[in-house]
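Visitor: Let me give you the structure first, and then I'll get to my questions.
The values are calculated or read from the model by the stated rules, or taken from the named source; none is laboratory data. All values reported here derive from a predicted model rather than from experimental measurement. Every residue, glycine as well, gets a Cβ built from its backbone with ideal geometry; the counts of neighbours run over all protein chains shown. Accessible surface areas use protein heavy atoms only, side chains included; no ligands, DNA or RNA. Shrake-Rupley method; radii C 1.70, N 1.55, O 1.52, S 1.80 Å.
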Amino acid sequence: KGHEAIAVAGDQQKTIENFAVFMSETVKQLKAHGCTNAMNISIATEPYAYWKEEWADVISRDELVGKAAKDIAVSINAVSEQLKKDGLRKEVTIMGPNFAGAEDAAHYYGHFKKYINKDACDLISLHKYYGSELIDDNYDLWKSCAEEYKKEVDSFENFVWDEYNTSPGYSKPFEAIHSPYNGLQLTLAQICFMNYGMKGSFIWTLFDQQ
């Protein structure tokens, strides 16, 4: 359930318009209060692109992925246009939509790029985890993921892996994250990112902060 000042029940378009106004006003107020370190807008995170087999009678995997990609692209377009209207577009970098690492991610981007305005989204962000076997050479796992995206993009120059880390599994996550081989897996990921010309990456630090 969205905030009552933004979400309008049964009216997605009005909700998106309200959200765009809210985001632009937020940027305006941050500037008015002298905040200089709030320069990025991340719109959505892992938007509803997951699909379960039991949903097949209601919506197909491709339909859900396509709808999710379109809805987020339309929202990003609206925020970008509102910022332009308010003279604030150049003040911020818009990043989205934080694709999850599911097998649909590259396919999701294929839909997303059909709807996103050319200048609306400055950074395309991705999430992915690999390396459950910490002593293995997992470079090829990262490479295979990059190759999937390569089918949909001309260049990785505006792509960031804004959430990545090793994937130690859920049985002994803290033990794995403190393994000396954890650094090896992060290095393999970074080598792949650099080889494909990714703009940057952010490590997800929840486990690292324990």
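Visitor: Region 78-130: which GluC sites (Glu not before Pro) are DSSP loop and have at most 12 other beta-carbon atoms within 10 angstrom?
Guide: Those that pass, being in a loop and sparsely packed, are GLU103.
Visitor: At 1.4 Å probe size, with the rest of the protein present, what percent of the exposed accessible area of the chain is carbon and sulfur atoms?
Guide: On the way: 6430 of 12170 Å².
That fraction is 53 percent.
Visitor: Where in region 74-98 does the label zone of MET39 land, with the point 7 angstrom along Cα→C-beta and an amide N cut-off under 13 Å?
Guide: What the label zone holds, given the 13 Å backbone N cut-off, is 90-94.
Visitor: Trypsin sites (Lys or Arg not before Pro) within region 72-132: which are DSSP loop residues with at most 12 other Cβ atoms inside 10 Å?
Guide: Numbers: sites: LYS84, LYS85, ARG89, LYS90, LYS113, LYS114, LYS118, LYS128; in loops: LYS118.
Filter output for region 72-132: LYS118.
Visitor: Within region 20-120, list the chymotrypsin sites (Phe, Trp or Tyr not before Pro) lying in a DSSP loop whose Cβ has at most 16 other Cβ atoms in a 10 Å radius.
Guide: Here the chymotrypsin sites (Phe, Trp or Tyr not before Pro) that fit, given the DSSP loop and packing criteria, are TYR48, TYR50.
Visitor: Then there is this: Just the number please: accessible area per residue for the chain, 1.4 Å probe, all protein chains included, in Å². Walk me through the numbers on the way to the answer.
Guide: Values: 12170 Å² over 210 residues.
Using a 1.4 Å probe on heavy atoms only, each residue of the chain averages 58 Å².
Visitor: How far is helix 105-115 tilted off the main Cα axis of the chain, in degrees rounded to 10, range 0 to 90?
Guide: 20
Visitor: Given the Cα-Cα distance of ASP140 and GLN13 and 0.36 nm per residue of separation, how much length would full extension add, in nm?
Guide: Numbers: separation 127, 0.36 × 127 = 45.72 nm, distance 4.23 nm.
41.5 nm is the gain from fully extending ASP140 to GLN13.
Visitor: Would you list, by chain and number, the aspartates and glutamates whose Cα falls below 16 Å from the Cα of LYS14, excluding same-chain residues fewer than 8 positions away?
Guide: GLU4, ASP71, GLU81
Visitor: Once both labels are modelled 7 Å past Cα along the beta-carbon direction, what's the TYR115-LYS67 spacing in nm?
Guide: About 1.1 nm, to one decimal.
Visitor: Angle between the Cα long axis of helix 139-150 and the longest principal axis of the chain, 0 to 90 degrees, nearest 10?
Guide: That helix lies at roughly 30 degrees to the long axis.
Visitor: Just checking my list (1) 19.2; (2) 16.7; (3) 18.7 against Kirkwood radius over Cα pairs in Å computed from this structure; which label fits?
Guide: Only one listed value fits the structure, namely (3).
Visitor: Can you tell me the 0 to 90 degree angle between the C-alpha axis of helix 182-195 and the longest principal axis of the chain, rounded to 10?
Guide: Taking the Cα atoms of the chain, the angle to 182-195 is about 60 degrees.
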